[in-house]
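Here's the structure, in structure tokens; my notes come after.
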Amino acid sequence: SNVKFIGAVSSKDINYFYRSSHICVIPSLLDATPTTLIESMYCGLPVIITSGCGNNTLVEDYKTGFVIPPANSNKITEKLLWYSNNRNSIDSMGQNSHDKIIELIEEEKNKDKKLAKLIFDLFEKNNR
């Protein structure tokens, strides 16, 4: 079988497991911000995530992975079979996942820069 259930992984080994995987499945029923989603996408993995996860807006069907209903093993199976039958799409979807996270990081940096400039400008204005 090509599917491996790894279980808990130490933080020092996590990058190895992401880099040696092809996809990431996050079947959470409810999770506000799954760190696993962000980590796996950053490492270039397409994902299968449930709509019960707060950041499922990061995942766009057929572009960065799939969003499926919670507690639906049939949908997980369907999407795993899709990946198996469309292996040539895994690399591009993984690259799209990585690019999405990089885009978000850059947006946050820009927000921080804008906030810093606003604070600096207010400080300058008040000290004239």
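The values are calculated or read from the model by the stated rules, or taken from the named source; none is laboratory data. Every value quoted in this text rests on a predicted model; they were computed, and no experiment measured them. Heads up: the accessible areas ignore ligands, DNA and RNA and are worked out on the full protein's heavy atoms, side chains in. Shrake-Rupley method; radii C 1.70, N 1.55, O 1.52, S 1.80 Å.
Expressed as a whole percent, the accessible surface of the chain that belongs to carbon and sulfur atoms is 54, based on a 1.4 Å probe. Using C-alpha pairs under 8 Å with a sequence gap of at least 6, the mean separation divided by the residue count of region 34-128 gives a relative contact order of 31 percent. Taking all Cα pairs closer than 8 Å and separated by 6 or more residues, the relative contact order of region 26-86 comes to 31 percent.
Taking 0.36 nm per residue of separation and subtracting the current Cα-Cα distance, fully stretching the chain between Ser21 and Leu115 would add 30.0 nm.
Out of every Cα-Cα pair in the chain, what percent are more than 18 Å apart? The proportion of pairs with Cα distances above 18 Å equals 59 percent. Full extension of the chain segment joining Ser10 with Tyr62 gains 15.7 nm, where the gain is 0.36 nm per residue of separation less the Cα-Cα distance.
Solvent exposure of the chain, expressed per residue, is 70 Å² of accessible area, with all protein chains present and a 1.4 angstrom probe.
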